[in-house]
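Some notes on the structure that comes next.
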Amino acid sequence: MPKNYIKALKRTIKSAKFEFKCHLCCIVGFVKSKIVFNSKAINKLEIGLGQSIKKKNFISSDLSLSTDFPYDLRLGLPFPDNSINVIYAEHVLEHFSYKDLMNLIRDCYRVLKPHGVFSVAVPDASIYLRAYYNNDNSDFDYKEFCRYEFGLTYKSRIDFVNYIFYMDGHHQHMFDEDSLLTVLKEGGFRQARMRNFDPALDQVARQYESIYAEGVK
């Protein structure tokens with residue numbers, strides 16, 4: 001059997017396993033939200049936790065059965081309307097296509113209580129665009145700003161852009177300050193503003209490349 005066919009078959013099986021995981025997480029998260037979630041409590045939620053350490057007094061939701069409320073965030077959140085006080089997302093929004101991004105932001109707005117806060121941190125794409133536009137490849141410290149290794153050589157300035165915009169296929173949408181506020185407002189948050197780094201929420205290790213904002217319902 002041709003090698004290319006075997007590779008394609010493996011990709012199909014891998015995709016099927018991923019979709020099964022998505023459905024399983026959604027079922028588990030939805031059932032748990034109906035059984036154990038208390039909408040009247042002070043609920044602080046972190047979405048897209050990934051490999052980060054869970055924050056004290058926060059519940060979590062991500063595409064992982066190890067989180068408190070597993071869910072496919074492309075489909076929103078498993079919680080009822082007006083049930084969450086704070087939602088936090090650090091380096092999460094850039095992993096969604098624009099359509100799924102807006103669906104998630106609108107659902108965050110839905111589940112937040114009145115005056116609830118959606119606090120976010122995302123990579124600042126303008127750092128890498130300025131590096132492409134302004135530098136001759138000699139005075140931009142790519143080792144400082146391009147720390148994730150996935151094979152780029154940085155022999156061409158366009159690799160600075162490839163780094164942050166694609167991140168080896170993980171990134172699907174990029175932000176600067178203006179666009180971050182724009183998507184928050186389009187998602188329903190009329191009170192959207194930039195904020196400073198918050199050591200109680202944000203990881204110091206990501207501060208060098210991040211911008212921060214919050215929307216208030």
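For beta carbons closer than 6 Å, sequence separation of 6+ or different chains, a first residue in the range 75-103 that is crowded, with 16+ Cβ neighbours inside 10 Å and of a type in the set (Lys, Arg) and a second that is part of a helix (DSSP H, G or I) and at pLDDT 95 or above, there are no qualifying pairs. Of the residues making up the range 134-156, none is out of contact with any Cys (no Cβ under 9 Å at 6 or more places or on another chain), charged (D, E, K, R), over 30 Å from Asn57 (Cβ atoms) and modelled with pLDDT of 95 or more.
Within the range 139-152, residues that are farther than 15 Å from Pro123 by Cβ have Cβ atoms under 7 Å from residues that are polar (S, T, N, Q) in these pairs: Leu152/Asn162, counting only partners at least 6 apart in sequence or on another chain.
Applying the selection to the range 168-207, what residues are within 15 Å of the chain's Cα centre (by Cα), at positive phi and part of a loop (DSSP other than H, G, I, E, B)? Result: no residue meets the conditions.
In the range 29-57, the residues that are on the phi > 0 side of the Ramachandran plot form Cβ pairs under 7 Å with partners that are assigned to a loop (DSSP other than H, G, I, E, B) and of a type outside the set (Lys, Arg), at six or more places apart or across chains, as follows: Gly48/Asp62; Gly48/Val92; Gly50/Asp62. Step by step: first the residues of the range 194-213, then only those that are touching a Leu at 6+ places or on another chain (Cβ under 8 Å) and buried (at least 19 other Cβ atoms within 10 Å of the Cβ), then the one that is farthest from Ile84 (Cα to Cα). Which residue is that? This residue is Ile211. For the range 104-157, a tally of residues being surrounded by 12 or more Cβ atoms within 10 Å (Cβ to Cβ), β-branched (Val, Ile, Thr) and over 30 Å from Ser39 (Cα atoms) returns 1.
Does the range 15-35 contain at least one residue that is under 24 Å from Leu201 (Cβ atoms), at pLDDT 95 or above, of a type in the set (Val, Ile, Thr) and exposed (fewer than 13 other Cβ atoms within 10 Å of the Cβ)? No, the conditions are met nowhere in the range 15-35.
Only residues that are touching a Ser or Thr at 6+ places or on another chain (Cβ under 9 Å) and more than 20 Å from Tyr163 (Cβ to Cβ) were counted in the range 86-115, giving 7. Picking from residues in the range 158-193 that are touching a strand residue (DSSP E or B) at 6+ places or on another chain (Cβ under 8 Å) and of a type in the set (Phe, Trp, Tyr), the one that is surrounded by the most Cβ atoms within 10 Å (Cβ to Cβ) is Phe189.
For Asp100, the conditions (1) of a type outside the set (A, V, I, L, M); (2) assigned to a helix (DSSP H, G or I); (3) at pLDDT 95 or above; (4) over 12 Å from the mean Cα position of the chain (by Cα) all hold with the exception of (4).
For the range 51-77, give me the residue count where each residue is assigned to a loop (DSSP other than H, G, I, E, B) and either closer than 15 Å to Cys108 by Cβ or under 13 Å from the mean Cα position of the chain (by Cα) (or both). Before the answer, list the steps.
In the first step, residues of the range 51-77 are kept if they are assigned to a loop (DSSP other than H, G, I, E, B); the result is 51-58, 62-72, 76-77.
Add one more test, that the residue is either closer than 15 Å to Cys108 by Cβ or under 13 Å from the mean Cα position of the chain (by Cα) (or both), and what stays is 51-52, 58, 62-63, 69, 71-72, 76-77.
Here the count works out to 10.
The values are calculated or read from the model by the stated rules, or taken from the named source; none is laboratory data. Worth saying up front: this structure is predicted, and the values here are computed from it rather than measured. When we count neighbours, we look across all protein chains shown, and the Cβ atoms used for this are built from the backbone with ideal geometry, even at glycine.
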